[in-house]
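Notes for the one structure printed next.
Each reported figure results from applying straightforward, stated rules to the coordinates on display, with no laboratory input. What you are looking at is a predicted structure, and each value in this text was computed from that prediction instead of being measured. Glycine gets a Cβ as well: all are built from the backbone with ideal geometry, and neighbour counts include every protein chain shown.
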């Protein structure tokens, strides 16, 4: 495992280099969800109303919050840990 700066991760997202491999979310109202964005390209959403179908939408605050981190796994996937109830795994691809 190798630490990855989240500003570098943001640039990779902006260049279209990542697709979602897995995701985990938990909230009190809807409960747990896993992997709903698998295989979708990753993009940064500016607000809750900016989410687009067909994408794994990541909020910019997920890349800047004090509690988050990111790392490269031994298999080459990238994990973004937003907080204890939210994380994503990405695979790097060649942008079109």
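What shape does the chain take by its C-alpha gyration tensor, where a ≥ b ≥ c are the square roots of the eigenvalues and a/c under 1.5 counts as rounded, a/b above b/c as prolate, and the rest as oblate? Because its axes are fairly even, with a/c under 1.5, the chain counts as rounded.
Looking at the chain alone, DSSP beta bridges between its own residues are antiparallel in about 85 percent of cases.
Kindly provide the helix-only [θ] at 222 nm of the chain, computed as the sum of -39,500 (n - 2.57) over DSSP H runs of four or more divided by all residues, to the nearest 500 deg cm²/dmol? Before the final figure, lay out the partial values.
Details: 1 runs with 9 residues, N = 96.
Helices in the chain give a 222 nm mean residue ellipticity of -2500 deg cm²/dmol.
If you count, for each residue, the other Cβ atoms within 10 Å and average over each peptide, how do 45-51, 20-26 line up from highest to lowest?
Working: 45-51: 10.4, 20-26: 17.3.
Order by mean packing, descending: 20-26, 45-51.
Note on residue 51 and residue 14: the extension gain reaches 11.8 nm, defined as 0.36 nm multiplied by sequence separation minus the Cα-Cα distance.
Tell me, what is the percent relative contact order of the chain, built from C-alpha pairs under 8 Å that lie six or more residues apart? Before the final figure, lay out the partial values.
Working: 188 pairs, mean separation 33.1, N = 96.
Dividing the mean separation by the residue count of the chain yields 34 percent.
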